[in-house]
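Below: the structure, in structure tokens.
The values are calculated or read from the model by the stated rules, or taken from the named source; none is laboratory data. Here the structure is a predicted model, which is why all the values come from computation and not from measurement. Glycine also receives a Cβ, built like all others from the backbone with ideal geometry; neighbour counts cover every protein chain displayed. All accessible areas refer to the heavy atoms of the entire protein, side chains included, with ligands and DNA or RNA removed. Shrake-Rupley method; radii C 1.70, N 1.55, O 1.52, S 1.80 Å.
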Amino acid sequence: MKNLMEYVGIEPERVQMAWVSASEGARWAKMIHDVTDEIRQLGPMKQIPRREIP
Amino acid sequence: MIDTMHRMIKKYLALEDVKYAIGYEKGSYGFRVSPSFAYTPEAVDRFTFSALCVNNLAVYPMLEEKLPLPRGQIAPKLKTVVLVKGCDSKALVQIIKEKGRTRDEFVIIGIPCKGVVDLAKLEARFPEVSGDAAITDDGFVITIDGVEHTVPRAELIAAKCERCEHPNPVIYDELLGEPVEPGEDTFDDVADLEAMSMEDRWKYWEKEFDRCIRCFACRNVCPLCYCKSCSGEELNPAWVRRSVNISENTAWNLLRAYHLAGRCIGCGECERACPMGLPLSLLNRKMARDVREMFDYTAGTNPDDKPVLTFYNPNDPEGFIKLVVI
């Protein structure tokens, strides 16, 4: 999936995958923080702008 | 060769457990050849085979309508005779491997294929005439009103045939003709696109996806797209909305490419059927190349192995999994 997104020119960081067990709360929180930080840096997707609803 | 083919198919049609045969017949205009379905031996006489037979007939057994039966009644297991080229046989291998159909439902008549014409190129060269085309060792011989024109192979051949690695059917019950020397696929077109920058790549695909009208021709013509309900049309949840705009078009085309990863056998039918001329093979070939690099697997080439994405191997690449260290 990441390869395909990179191929069509969409930042591959927008899709991420990690293994987190149900008992690993701290790890889960860290993972979510990391991802949101990374996505925030990327900003909204330039490729497909949201359509303004009139 | 055509006579041998007729005799062979008639022999099978005469059997009790054979329902019908799928082949090619002369189309209604131009150079077109259309799929033909023969239930009787007489209908087999319409069958033909030439370098114009581009269609992948492996799709038709998958489109066959299953009529409802009274309760308790089981449909008789009848066989279908299918005429296949090298690429079509790969589609059948993949379908059988995925248990979409079973091997004993088919009588496969394989034809080693030297390549087929690109109809768009042929019709651009000989517009508004009808005729026949054959492929020989020195190129295509196009017959129009009894006059023969010889065209170099490179000028008319379909792109998929130029890089065909399996011109000879992978599985068959009967083989018609002599095996052909296979070529080699280097995936140059994929590498060319990969060499572009991220912005340029998106510009390229944005232009292409923008033209998509989402007619789903690519899906309907694809022998491997045989899901009974397609996530492209599902409404609850609507993975892809119906509106035709760049966002939904991108979603649809990526979805299809992804669902065909490790399954697409590269017959190029989606690209041929696309009314807007999207380079869909480029998407599918990217996935095919990645699968080949990562798992050393090519779809539809080995009837005995398992579909690549359905089983786990401890040596599978795991680079896509993010490591979270706390």
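Below is a table of values for the structure above.
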| read-out | value |
| --- | --- |
| Value of relative contact order over chain B, rounded to a whole percent, pairs C-alpha under 8 Å and six or more apart | 16 percent |
| Accessible carbon and sulfur surface of the protein assembly as shown relative to its total accessible area, %, 1.4 Å | 54 percent |
| The range B:159-198: GluC sites (Glu not before Pro) falling in loop per DSSP and having at most 13 other Cβ within 10 Å | B:E184 |
| Hz values of 3J(HN,Hα) by residue in the range B:73-84 - Karplus curve (6.51, -1.76, 1.60), Gly and Pro given as x | 8, 10, 5, x, 7, 10, 8, 10, 8, 10, 8, 10 |
| Accessible area buried, both sides summed, chains B and A with 1.4 Å probe, Å² | 2400 Å² |
| Protein-protein interface of the range B:278-326, residues with accessible area decrease of at least 40 Å², isolated chain reference, 1.4 Å probe | B:K286, B:F320, B:I321, B:K322, B:V324, B:I326 |
| Within a Gaussian network of chain B (alpha carbon springs, distance under 10 Å), most fluctuating of B:D316, B:D185, B:D104 | B:D316 |
| Per residue accessible area in Å² of the range B:1-47, where ligands, DNA and RNA are left out and the probe is 1.4 Å | 54 Å² |
| The protein assembly as shown: radius of gyration over Cα atoms, expressed as a fraction of 2.2 N^0.38 Å | 1.12 |
| Rh by Kirkwood over Cα pairs, then Stokes-Einstein D for chain B at 1.306 mPa s and 10 °C, µm²/s | 74 µm²/s |
| DSSP bridge orientation in the protein assembly as shown - percent antiparallel, rounded to nearest 5 | 60 percent |
| Rotationally averaged projected area of the range B:63-218 (alpha carbon convex hull; nm²) | 14.6 nm² |
| Bridge type composition, the range B:56-199 - antiparallel percent by DSSP, nearest 5 | 60 percent |
| Computed accessible area, B:K114, all protein chains, 1.4 angstrom probe, square angstrom | 90 Å² |
| Stokes-Einstein diffusion coefficient of the range B:57-152, Kirkwood radius over Cα pairs, 20 °C, 1.002 mPa s, in µm²/s | 129 µm²/s |
| Zero-based 10 Å bins, Cα pair distances in the range B:1-133, whole percents | 11, 39, 33, 13, 3, 0 |
| Equivalent ellipsoid dimensions for the range B:136-264 as semi-axes, Å, which come from the Cα gyration tensor, largest first | 35, 21, 17 |
| Reduced Cα scattering model of the range B:188-326, Debye log10 I(q)/I(0), q = 0.14 Å⁻¹ | -0.76 |
| Convex hull of the range B:261-325 built on C-alpha atoms - directionally averaged projected area, nm² | 6.1 nm² |
| Sequence of B:C274, B:C215 when ordered by accessible area, the most exposed leading, probe 1.4 angstrom | B:C215, B:C274 |
| Of B:K90/B:K228; A:K30/B:K286; B:K203/B:K228; B:K26/B:K99; B:K79/B:K114, those spanning more than 24 Å from alpha-carbon to alpha-carbon | A:K30/B:K286; B:K203/B:K228; B:K26/B:K99; B:K79/B:K114 |
| Dipole of the range B:51-99 [Lys/Arg +1, Asp/Glu -1 at C-beta], most positive-end residue of B:N55, B:Q94, B:V84 | B:Q94 |
